[in-house]
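The values are calculated or read from the model by the stated rules, or taken from the named source; none is laboratory data. Note that the coordinates shown come from a computational prediction; the quantities given were computed from them, not determined experimentally. Note: ideal-geometry Cβ built from the backbone for every residue, glycine included; neighbour counts use all protein chains shown.
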Amino acid sequence: MAERVAVIGVGQTPGKRSRKDVSEIELVNEAVRAALEDAELTIKDIDVVIEGNMEFFEGTLYTDQWLVEGLGSCGKSGLKVNSAGDTGATIFSTGVSHAASGLFKTVLIVGFEKQDEGAYGGVGMRSEDSFFDIAGGSGRAIGSMWGTAISVLNRKSATEELIAKVRVKEAECGLRNPYSHLKLKITENDVLNSNIVIWPLRFLHICPTSVSSCAVIVAPEKEAKRLTRKPVWVKDYYCIHSGLQPRCGEPWLNVGAAYPTGPQFRWGVEQAAIALYKRNGITHPRKQIDYIESYSPSTWHEVDYYEALKLCEPGEAWKLIEEEATWPHGDIPFDLSGGVVSTNAIGATGLHRVAEAVIQIRGEGGERQVPRDVNLVFTFAQGADQFCTAAFLSKNL
Amino acid sequence: MSQRVAIVAVGQTKYESNKSNLWQGDVAYDAIEKVLQQTGLTYQDRVKDGFGIDRILTAGEDHFIGRTSNPFWIHHYLGAFRMSHDNVSADAAFAVYHAVIDILSGHYDTVLVVAMTKESETSRPAIENCYFDHIFLQPLGLDYLSASALQAQRYMNKYGISREQCAMVAVRNRVNAKNNPYAQEPLDITVEDVLKSEMLASPIRVLDSKPPVSDGACALILTTEEKAKKITDKPVWVRGMGNCYDVHYLGDRDLADCDSLVTAAKRAYSMAKISDPLKEIDLAEISEEYSYQELLWTEGLGFCGRGEGGKWMEKGISQMSGSLPINPSGGILAGNPIGVAGAARVVEAVTQLRGEAGARQVEGAKTALAHGYTGACGQSHCVFILSH
């Protein structure tokens, strides 16, 4: 990068199923104020505002324009980005490139989704092939989760019982995170007996439909050092598009099961990890990385990613689970925020991952804090099986 | 800017009212193919010498494309597989802006920008209505046309702009378009024809407005100084750029002024070290969906003082024979789809600076301005200063 960039402030709103008490403008404003307070700045100190969400979900054209009053972007530079579930991570990379460009001193990045004002099921399906998939009723995310689940089982990476064990970990972490939407007190039996969506995918494996907003402030090195005593550095980031999907006549439900590389969800993340590990000298990720904050929209994804991120050998995710290596007390803690299965406000979700990574590096995670020093965090998000943005954040330059 | 960024290739399709014979991806590829052929470039993962496109930026709004996460629907036409790909939900001028930022950040070298809209597959008034606040304004049935009519009334009343002055913009653009093989609706019209054409929303008449439905795409390749010199002997440099948001609610803005454009232009001028835009710029490609907007935007861009847009138009400076021709291409009034329009202005400006504009060429053009905007009545603007 032309200039090194640091995160100097984060803010988020607690995830909820519904926020009838606020408009979309007020919702993003809560996150913006929290981030400004965290950075000890006022909106006057901000040069650029980057906003992102899935505009179709709430049916608002150009949300960045409508939300100007809530974002505080009047008179400022900025633009809007939309890249499906990856939006939150994409706006982060967009914001970082603005900060690294040498043109700006501070960049405010804001993602949100107010899903109590939309209907994901119908709208999400609008991403499908109009001729074959929509007519066939292929549900967008559910199909992808099913493909991942089948692939995990096929590779014998984990059993349904072990998936239930991971789900209980995720729920326990969600209980410790004040920003988590779901606060579930569940047992492995509850998970194993929850309703089947498409076997082996069960209701409790799946992320919720959430309302939340997240804001992150980044600045180039000189400004970051001047403005804050606790900068968290953006060591590197990487974007990759992994799509094979909507091709006429190729109903995408097949993608997960039929391709030898496994689900596309995994492929993009794996490629991003390989590239970032190589560029940053990571040869033993499980030893060198202190914490991972992932975009795992179902428990099956989390387990699949253990292997994609090379935390274990292919087909050996079950060992990690049995050792509880990804638990708070394990050697490679994973999604201590409760993860996406605890909160999923789509346009904010990728940015929540970044915010949680920053909180862990600063040691401000409270009950969900990794119980040891966190220097290097790997975080990523994924959208529509195709967009993937991954980043390394670190305590030191 | 810390380093120089160049535009090394531009391509566009012919703009038409209904490309019903082509699927969305095919429309986009018509433009993409041109820039790939011009440069001989391919995608980074397919070359070994590091000399390929390493980033794709699309401009697409889900509502106008009609799908959630719209760009991946045409990803195989973009060549996006294995590539870094991002999508800007705004007028495509903002995607070009994003591309420059990406290159300046040092993270990418060569960026392909693609914008495609098929308005024939949408209903613009219904979609534009979603721009407005859900409680008070949407139920009124506002769309860009009716909101712009309010802006035109306010602007004309405040500064005494006449309908004839607005009509002169429409005439100049439609006539200029006769020289542009990509234009959708070139017309030989007079001010009288405009004033007699059917009323859409007072004071905007059919010929004051862009054609109601437009399909098409454009594409650009931007790269670093070092690579640009190896790719082409006619690079066009991005000397300055700026963008800016205004407030959303129409009632909170004075629609007769365009503060966000003033700020966006100042940012671009200051970066390009331009102190007298009227003298230092040789031609301008300005985004205007309705004729009055050009008069207002020329004020915002500092070509004339506030409220003087009408009189400035009468001086003929913006005619092809004038000292600062505006929209030699015919601009949006001759037909460009929403979302594509701002990048199409950059494409036209680059074509001019390369001296490849054929019958619409402005002789000796060295510095050009390109402008795009997003949102009703121009809520956010984006301005580029380009030079040969």
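Of all residues being within 7 Å of another protein chain (Cβ to nearest Cβ) and in a helix (DSSP H, G or I) in the range A:62-93, which is farthest from residue B:133 (Cα to Cα)? Just the residue, please. Break it down stepwise before answering.
Keep residues of the range A:62-93 that are within 7 Å of another protein chain (Cβ to nearest Cβ), which gives A:62, A:65-66, A:68-69, A:73-84, A:90.
Narrowing further to those that are in a helix (DSSP H, G or I): A:65-66, A:68-69, A:90.
Numbers: A:65: 11, A:66: 7, A:68: 12, A:69: 12, A:90: 26 Å.
Taking the candidates together, the pick is A:90.
Among the residues making up the range B:65-96, those that are more than 8 Å from chain A (Cβ to nearest Cβ), of a type in the set (A, V, I, L, M, F, W, C) and in contact with a helix residue (DSSP H, G or I) (Cβ under 6 Å, 6 or more places away or on another chain) are B:74, B:92, B:93, B:96. The set of residues in the range B:238-271 that are more than 10 Å from chain A (Cβ to nearest Cβ) and in contact with a Ser or Thr (Cβ under 8 Å, 6 or more places away or on another chain) comprises B:239, B:240, B:269. Got at least one residue in the range A:5-18 being at the interface with chain B (Cβ under 9 Å from one of its Cβ atoms) and either assigned to a helix (DSSP H, G or I) or more than 28 Å from residue B:261 (Cα to Cα) (or both)? Looking for residues that are at the interface with chain B (Cβ under 9 Å from one of its Cβ atoms) and either assigned to a helix (DSSP H, G or I) or more than 28 Å from residue B:261 (Cα to Cα) (or both), one finds at least one in the range A:5-18, hence yes. Does residue B:358 meet the test of being more than 14 Å from chain A (Cβ to nearest Cβ), touching a residue at least 60 places away in the same chain (Cβ under 8 Å) and either crowded, with 24+ Cβ neighbours inside 10 Å or within 19 Å of the chain's Cα centre (by Cα) (or both)? Here the answer is no, as residue B:358 does not meet what is asked.
Going by the structure shown, is residue A:349 within 14 Å of chain B (Cβ to nearest Cβ), among the β-branched types (Val, Ile, Thr), surrounded by 22 or more Cβ atoms within 10 Å (Cβ to Cβ) and not in a loop (DSSP other than H, G, I, E, B)? Answer is yes for this residue.
Okay, residues lined up against (1) within 14 Å of chain A (Cβ to nearest Cβ); (2) within 24 Å of residue B:223 (Cα to Cα):
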position: B:5; (1), (2): yes, yes
position: B:8; (1), (2): no, yes
position: B:12; (1), (2): no, yes
position: B:16; (1), (2): no, no
position: B:21; (1), (2): no, no
position: B:26; (1), (2): yes, no
position: B:31; (1), (2): no, yes
position: B:38; (1), (2): no, yes
position: B:42; (1), (2): no, yes
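Do the conditions hold for residue A:207, that is, is it more than 12 Å from every other protein chain (Cβ to nearest Cβ), closer than 21 Å to residue A:383 by Cβ and modelled with pLDDT of 95 or more? No. Scanning the range B:56-83 for residues that are within 23 Å of the chain's Cα centre (by Cα), in a loop (DSSP other than H, G, I, E, B), closer than 19 Å to residue A:239 by Cβ and modelled with pLDDT of 80 or more turns up just one, B:60.
One residue stands out in the range A:213-230 among those that are more than 14 Å from chain B (Cβ to nearest Cβ) and in contact with a Lys or Arg (Cβ under 7 Å, 6 or more places away or on another chain): the one that is modelled with the highest pLDDT, namely A:223.
What residue, of B:335, B:310, is in contact (Cβ under 8 Å) with a residue 24 or more places away in the chain, buried (at least 17 other Cβ atoms within 10 Å of the Cβ) and under 30 Å from residue A:64 (Cα atoms)? Outline the logic, then answer.
Working: B:310 fails: under 30 Å from residue A:64 (Cα atoms).
Checking each option against the conditions leaves just B:335.
Every listed requirement among (1) under 19 Å from the mean Cα position of the chain (by Cα); (2) of a type outside the set (S, T, N, Q); (3) in a helix (DSSP H, G or I) is met by residue A:311 save one, (3).
Here residue B:304 meets each of (1) surrounded by fewer than 24 Cβ atoms within 10 Å (Cβ to Cβ); (2) outside any loop (DSSP other than H, G, I, E, B) with one exception, condition (2). Please verify whether the range A:383-394 includes one or more residues that are surrounded by fewer than 24 Cβ atoms within 10 Å (Cβ to Cβ) and not in a helix (DSSP H, G or I). Within the range A:383-394, one or more residues are surrounded by fewer than 24 Cβ atoms within 10 Å (Cβ to Cβ) and not in a helix (DSSP H, G or I).
Per-residue answers, yes or no, for (1) out of contact with any helix residue (DSSP H, G or I) (no Cβ under 6 Å at 6 or more places or on another chain); (2) among the aromatic types (Phe, Trp, Tyr); (3) over 17 Å from residue B:17 (Cβ atoms); (4) free of Cβ contacts under 8 Å to residues at least 12 places away in the same chain:
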residue	(1), (2), (3), (4)
B:148	yes, no, yes, no
B:153	yes, no, yes, no
B:177	no, no, no, no
B:195	no, no, yes, no
B:209	yes, no, no, no
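Taken residue by residue, the range A:167-175 has no member that is at pLDDT below 95, within 18 Å of the chain's Cα centre (by Cα) and either assigned to a loop (DSSP other than H, G, I, E, B) or farther than 30 Å from residue A:25 by Cα (or both).
Tallying residues that are assigned to a helix (DSSP H, G or I) and more than 29 Å from residue B:224 (Cβ to Cβ) within the range B:235-265 yields 7. On the stretch given as the range A:188-203, residues that are at pLDDT below 95 and buried (at least 19 other Cβ atoms within 10 Å of the Cβ) total 2.
Kindly evaluate residue A:24 against the criterion of being within 22 Å of the chain's Cα centre (by Cα), without any contact (Cβ under 8 Å) to a residue 40 or more places away in the chain and crowded, with 17+ Cβ neighbours inside 10 Å.
On the way: within 22 Å of the chain's Cα centre (by Cα): yes; without any contact (Cβ under 8 Å) to a residue 40 or more places away in the chain: no; crowded, with 17+ Cβ neighbours inside 10 Å: yes.
The answer is no for residue A:24.
Filtering the range B:1-55 to residues that are within 21 Å of the chain's Cα centre (by Cα), of a type in the set (D, E, K, R) and part of a loop (DSSP other than H, G, I, E, B) leaves B:14, B:19.
Filtered by the rule that a residue be closer than 22 Å to residue A:148 by Cβ and surrounded by fewer than 19 Cβ atoms within 10 Å (Cβ to Cβ), the range A:278-305 gives A:285, A:286. The single condition among (1) surrounded by fewer than 24 Cβ atoms within 10 Å (Cβ to Cβ); (2) of a type in the set (Gly, Ala, Ser); (3) over 21 Å from the mean Cα position of the chain (by Cα) that residue A:73 does not satisfy is (1).
Please work out if residue A:308 is of a type in the set (A, V, I, L, M, F, W, C), over 23 Å from residue A:203 (Cα atoms), surrounded by fewer than 20 Cβ atoms within 10 Å (Cβ to Cβ) and out of contact with any Cys (no Cβ under 7 Å at 6 or more places or on another chain). If you could, list the steps in order and put the result at the bottom.
Working: of a type in the set (A, V, I, L, M, F, W, C): yes; over 23 Å from residue A:203 (Cα atoms): yes; surrounded by fewer than 20 Cβ atoms within 10 Å (Cβ to Cβ): no; out of contact with any Cys (no Cβ under 7 Å at 6 or more places or on another chain): yes.
Answer is no for this residue.
Filter the range B:98-108 down to residues that are within 7 Å of chain A (Cβ to nearest Cβ) and either in contact (Cβ under 8 Å) with a residue 24 or more places away in the chain or not polar (S, T, N, Q) (or both), then give me how many there are.
Filtering the range B:98-108 down to residues within 7 Å of chain A (Cβ to nearest Cβ) leaves B:98, B:101-102, B:104-107.
Filter once more, keeping what is either in contact (Cβ under 8 Å) with a residue 24 or more places away in the chain or not polar (S, T, N, Q) (or both): B:98, B:101-102, B:104, B:106-107.
Qualifying residue count, the range B:98-108: 6.
Quick grid of which residues meet (1) part of a loop (DSSP other than H, G, I, E, B); (2) out of contact with any strand residue (DSSP E or B) (no Cβ under 6 Å at 6 or more places or on another chain); (3) at pLDDT below 95:
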{"residue": "B:117", "(1), (2), (3)": "no, yes, yes"}
{"residue": "B:146", "(1), (2), (3)": "no, no, no"}
{"residue": "B:166", "(1), (2), (3)": "no, yes, no"}
{"residue": "B:170", "(1), (2), (3)": "no, yes, no"}
{"residue": "B:183", "(1), (2), (3)": "yes, yes, no"}
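Of all residues in the range B:148-206, those that are surrounded by fewer than 24 Cβ atoms within 10 Å (Cβ to Cβ) and aromatic (Phe, Trp, Tyr) total 2.
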